[in-house]
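Before any comments, here is the structure.
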Amino acid sequence: MQYIIYPPEKLNATITLPASKSISNRALIIHALAGGGPMPENLSDCDDTEVIVKALNEMPEVIDIKAAGTAMRFMTAFLAVTPGVHTITGTERMLHRPIGVLVDALRYIGAEIEYAGEEGYPPLRITGKRLDGGPLVIAGNVSSQYISALLMIGPVLRGGLELRLTGEIISRPYIDLTLWLMNAYGAEAEWNDIDTITVKPKPYTGRRWLIENDWSAASYWYEMMALSNNRDDELALAGLADGSMQGDSSARYIFSLLGVKTTFDCTEQGLPTTIRLRHTGHRLPRLEYDFVNSPDMAQTFVACCAAMDIKFRFTGLQTLKIKETDRIEALKTEMRKLGYVLHDVEGRELTWKGERCEAQTHPAIDTYDDHRMAMAFAPLAMRHPGLRINNPEVVSKSYPHFWDDLRRAGYTVEEAGQEA
Ligand SMILES: O=C(O)C1=C[C@@H](OP(=O)(O)O)[C@@H](O)[C@H](O)C1
Ligand SMILES: C=C(OP(=O)(O)O)C(=O)O
């Protein structure tokens, strides 16, 4: 399928974002390890959360986690401490996303895990049992999801866990998000040095939990506001908190540099509320930013800055090549279709110095099974009316109603071949 997108004349809408998939997936694992208590409320309805819900409800012998990285990593640790024998597998891409660092760490504390395919990658055959835990050294520079996965099982290990992370720690806010939720569910887990985390063998307790909406999803609406030319446009996004623990809430700050102002309807820290996005008209001519703490927003800012003619140098992108696709390559290829020539430095940095090439007359953006390619590029229809997005259904990985929300905001989103 292919969508053709035309922007509205004015942006003025209230959008209810999906719930955070990162919080949903953590809350589900912790709730299961707590052995009961109320279900977390406002769970995301995205694919990546639905696979965990299904796996935990049915616990089949073969668990297909599809394209969900967090679900693959979190369920691997969960299955290692849960009695039973399971094979966990996923999409073709998932079978090429590394998991060796997590498997080695789990084996070190006694887990029984075999590779059912290629060494270092899913599928895995896991025989669950009670594990001892204890001190553990793990690379902090590949994926924070391995660390979150280990931390979450920490409270049910006989000796708890003492993790020391080596290398440059990437995606640190996601580790903090994990610790925050664990502690909220009664665990005792904390940083006790810049690179060391201790989890006590103190069990979780069930509790009510309302999941905040997704700041990464909000970033696409910020992008639309940044790209809009009407000073009186306003977007209201429901269900986001001031002082959010989601790392991508930094969107609020970074987009202030691109002329988008955020106000919160309720200013009580931590409580989900409606935020309003408006223009300030003040923007930087060039942006330099390190995305090591918010890798999921790199695509949003690459697309947005180039389209606003803001030159950039973005660093901290070293994890992008092992996500849903090699996002560095995907960005370079697809931005070229729109006339922007980007350069990367060893897969860690992306720069745009204003270099251009001839844009295609009817560009069609490939999405590479990556929801964020579709959602980061769709707002560019505001500069390239009639922009085409291939395989738009990929958005269901984190934001199933993204296209409905665009229509609600006044965009025309037509299926190619069925244009009005
Ligand atoms: O823990 C999480 O919820 C996530 C951690 C990040 O992954 P990495 O730690 O692999 O960068 C992020 O990219 C992903 O979308 C969600
Ligand atoms: C990287 C992502 O997801 P995951 O690693 O959980 O598949 C993402 O949502 O951008």
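Per-structure values
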read-out	value
Cα gyration tensor shape of the stretch 322-420, rounded if a/c is under 1.5, else prolate or oblate by comparing a/b with b/c	oblate
Acute angle (nearest 10 degrees) that the helix 144-153 long axis makes with the longest principal axis of the chain, alpha-carbon atoms	40
Between 0 and 90°, nearest 10: helix 69-80 axis offset from the chain longest Cα axis	10
Loop trypsin sites (Lys or Arg not before Pro), the stretch 327-390, which have at most 15 other Cβ atoms in a 10 Å radius of their Cβ (DSSP)	LYS353
Computed Rg/Rh of the stretch 61-123, alpha carbon atoms with Kirkwood Rh	0.91
Value at 222 nm in deg cm²/dmol, rounded to 500, when DSSP H runs of n ≥ 4 in the chain each add -39,500 (n - 2.57)	-9000 deg cm²/dmol
Spatial separation of Cα centroids for the stretch 192-241 and the stretch 364-401, in angstrom	21
Of the trypsin sites (Lys or Arg not before Pro) in the stretch 110-167, those whose Cβ has at most 16 other Cβ within 10 Å and which sit in DSSP loop	LYS129, ARG130, ARG158
R0 of 45 Å, Cβ-Cβ distance GLN2-TYR108: FRET efficiency to nearest 0.05	0.40
Using a Förster distance of 22 Å, the FRET efficiency for VAL137-GLU190 (Cβ separation, nearest 0.05)	0.75
Among PRO203, PRO122, PRO38, residue whose mean-square fluctuation peaks in a GNM of the chain (springs only between Cα atoms under 10 Å)	PRO38
C-alpha long axis of helix 327-337 to longest principal axis of the chain, angle in °	10
Whole-Å semi-axes of the ellipsoid equivalent to the stretch 21-199 (Cα gyration tensor, √5λ, descending)	21, 19, 16
P(r), alpha carbons of the stretch 70-175 - 5 Å bins starting at zero, rounded %	2, 14, 26, 26, 19, 11, 2, 0
Net lengthening on full extension, ARG348/LEU56 (0.36 nm per residue, minus Cα-Cα)	101.5 nm
Loop-located GluC sites (Glu not before Pro) in the stretch 31-61, at most 16 other Cβ atoms within 10 Å (DSSP)	GLU61
Cβ-defined net charge surrounding TYR108, 13 Å radius [Lys, Arg +1; Asp, Glu -1]	-2
Distance in nm between pseudo-label sites at LEU257 and HIS96 (7 Å out along the Cβ direction from Cα)	3.2
Paramagnetic reach from CYS266 in the stretch 234-250 [backbone N under 17 Å; point 7 Å along Cα→Cβ]	237-245
Cα Rg, Dmax (largest Cα-Cα span) when computed across the stretch 162-319, Å	17.8, 55
Where labels lie 7 Å past Cα in the beta-carbon direction, separation of ASP45 and ARG356 in nm	4.2
Subset of LYS54/LYS129; LYS21/LYS323; LYS54/LYS200; LYS66/LYS323; LYS21/LYS54; LYS332/LYS353 violating a 18 Å alpha-carbon distance limit	LYS54/LYS129; LYS54/LYS200
Quotient of Cα Rg and 2.2 N^0.38 Å for the stretch 55-96, N being how many residues it contains	1.07
Percent antiparallel among DSSP beta bridges (both partners in the chain, rounded to 5)	65
At 1.567 mPa s and 4 °C, Stokes diffusion of the chain via Kirkwood alpha-carbon radius, µm² per second	59
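Just so you know, all these numbers are worked out from the coordinates, no wet-lab data involved. Just so we're clear, the structure is a prediction, and the values are computed from it rather than from any experiment. As a convention, Cβ positions derive from the backbone with ideal geometry for all residues, glycine included, and neighbour counts pool all protein chains shown.
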